[in-house]
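Worksheet: the structure to be examined is printed underneath.
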Amino acid sequence: MTEVQSEAADSNAQHATVQPAESVQAPQLAGNPAVLGLLVFATGSLVLGISLLGNVPLAVQPGTVQPIVYAGTGLVLVIATCWAASLQQTFVATILGTFAGFWLSYTAMVLGLTHNWYAIPPADIPHTLGQFLIGWDAAIFMLFLVTLLLPLIYSLILGAGTVGVALLAAAVLGTSSGMYRAGGVFVIIFALLGYYAYLSGALESVGGKPLPLGKPVVSWFSK
């Protein structure tokens with residue numbers, strides 16, 4: 001009797017440990033990747049804005065921001081993008097991935113021009129930088145249009161970003177130090193707005209109350 005009970009117990013143990021594949025569920029991913037993305041985005045933008053306001057000479061401004069916008073902002077935004085994509089947050093991943101591309105390509109542009117990797121004649125560098133900024137400004141503007149359906153803070157961030165990059169493009173093509181400073185002001189504005197949005201999401205992530213983000217722009221025109 002004891003032997004039968006022992007064999008039955010072994011059989012039950014085997015059935016308990018071997019489960020059909022369909023009953024095994026993958027762990028559920030969670031979290032808010034926008035919190036991480038907004039923090040590093042705002043920090044890189046703030047450093048760039050301070051540089052554009054004349055904290056360092058214009059000739060060395062691009063190089064002074066590379067350590068943070070490449071090794072910090074750009075690479076961490078790639079991580080945040082993958083996180084958002086794993087959660088199937090399409091537009092969040094699009095925004096984070098777009099800005100990851102901006103910062104990383106900005107680094108590639110600056111390092112390439114500094115070391116003459118692309119063999120671009122000095123006279124053509126302003127136009128090269130101008131078309132670079134115009135292309136990214138168009139991408140940021142496309143993001144801005146979609147944010148009109150989102151809380152107001154995101155439209156303000158992308159709107160300020162669109163204006164700031166447009167001013168920098170005008171500064172590069174026109175070699176105006178005043179335009180550089182104006183662009184720097186808008187860069188700092190969208191950095192501060194980014195910090196505000198980050199703080200709202202971060203507070204909510206630890207059980208606090210999120211900050212008011214404003215109603216979507218499209219809601220202003222709906223009945």
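The values are calculated or read from the model by the stated rules, or taken from the named source; none is laboratory data. What you see is a predicted model; the values in this text were computed from it and never measured. All Cβ positions, even for glycine, are placed from backbone atoms using ideal geometry, and neighbour counts span all protein chains on display. Accessible surface areas use protein heavy atoms only, side chains included; no ligands, DNA or RNA. Shrake-Rupley method; radii C 1.70, N 1.55, O 1.52, S 1.80 Å.
Among the listed residues ALA84, ALA100, ALA80, ALA171, identify the single one that is closer than 18 Å to ALA59 by Cβ and surrounded by 20 or more Cβ atoms within 10 Å (Cβ to Cβ).
So the residue among ALA84, ALA100, ALA80, ALA171 that is closer than 18 Å to ALA59 by Cβ and surrounded by 20 or more Cβ atoms within 10 Å (Cβ to Cβ) is ALA171.
Return yes or no: is VAL187 open to solvent by 40 Å² or more (accessible area, probe 1.4 Å), of a type in the set (Val, Ile, Thr) and over 18 Å from THR128 (Cα atoms)?
So VAL187 fails the test.
Listed here are the residues, each with its yes/no results for (1) more than 17 Å from LEU46 (Cβ to Cβ); (2) in contact with a helix residue (DSSP H, G or I) (Cβ under 6 Å, 6 or more places away or on another chain); (3) surrounded by fewer than 19 Cβ atoms within 10 Å (Cβ to Cβ).
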{"site": "ASP124", "(1), (2), (3)": "yes, no, yes"}
{"site": "GLY135", "(1), (2), (3)": "yes, no, yes"}
{"site": "ALA138", "(1), (2), (3)": "yes, no, yes"}
{"site": "PHE141", "(1), (2), (3)": "yes, yes, yes"}
{"site": "TYR180", "(1), (2), (3)": "no, yes, no"}
{"site": "TYR196", "(1), (2), (3)": "no, no, yes"}
{"site": "SER200", "(1), (2), (3)": "yes, no, no"}
{"site": "SER219", "(1), (2), (3)": "yes, no, yes"}
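Considering only residues that are closer than 22 Å to GLY31 by Cα and not in a helix (DSSP H, G or I), which ones fall in the range 164-223?
VAL206, GLY207, GLY208, LYS209, PRO210, LEU211, PRO212, LEU213
Can you tell me which residue within the range 67-107, out of those that are among the hydroxyl-bearing types (Ser, Thr, Tyr) and more than 12 Å from the chain's Cα centre (by Cα), is nearest to SER155 (Cα to Cα)?
If we take residues in the range 67-107 being among the hydroxyl-bearing types (Ser, Thr, Tyr) and more than 12 Å from the chain's Cα centre (by Cα), then THR90 is nearest to SER155 (Cα to Cα).
Here are the criteria: (1) open to solvent by 60 Å² or more (accessible area, probe 1.4 Å); (2) modelled with pLDDT of 90 or more; (3) part of a loop (DSSP other than H, G, I, E, B). Tell me which single one GLY31 does not satisfy.
If we test GLY31 against (1) open to solvent by 60 Å² or more (accessible area, probe 1.4 Å); (2) modelled with pLDDT of 90 or more; (3) part of a loop (DSSP other than H, G, I, E, B), just (1) comes out false.
So which residues in the range 171-223 are of a type outside the set (Lys, Arg), more than 21 Å from LEU156 (Cα to Cα) and without any contact (Cβ under 8 Å) to a residue 40 or more places away in the chain?
Selection gives ALA171, GLY174, SER176, GLY178, VAL206, GLY207, GLY208.
Go through the range 198-219 and give me each residue that's of a type in the set (A, V, I, L, M, F, W, C), out of contact with any Phe, Trp or Tyr (no Cβ under 7 Å at 6 or more places or on another chain) and closer than 19 Å to GLY37 by Cβ.
Across the range 198-219, the qualifying residues are LEU199, ALA202, LEU203, VAL206, LEU213.
Using beta carbons and a limit of 7 Å, which pairs, at least six apart or on different chains, have the first residue in the range 116-140 and in contact (Cβ under 8 Å) with a residue 24 or more places away in the chain and the second one loosely packed, with under 15 Cβ neighbours inside 10 Å?
PRO126/THR175
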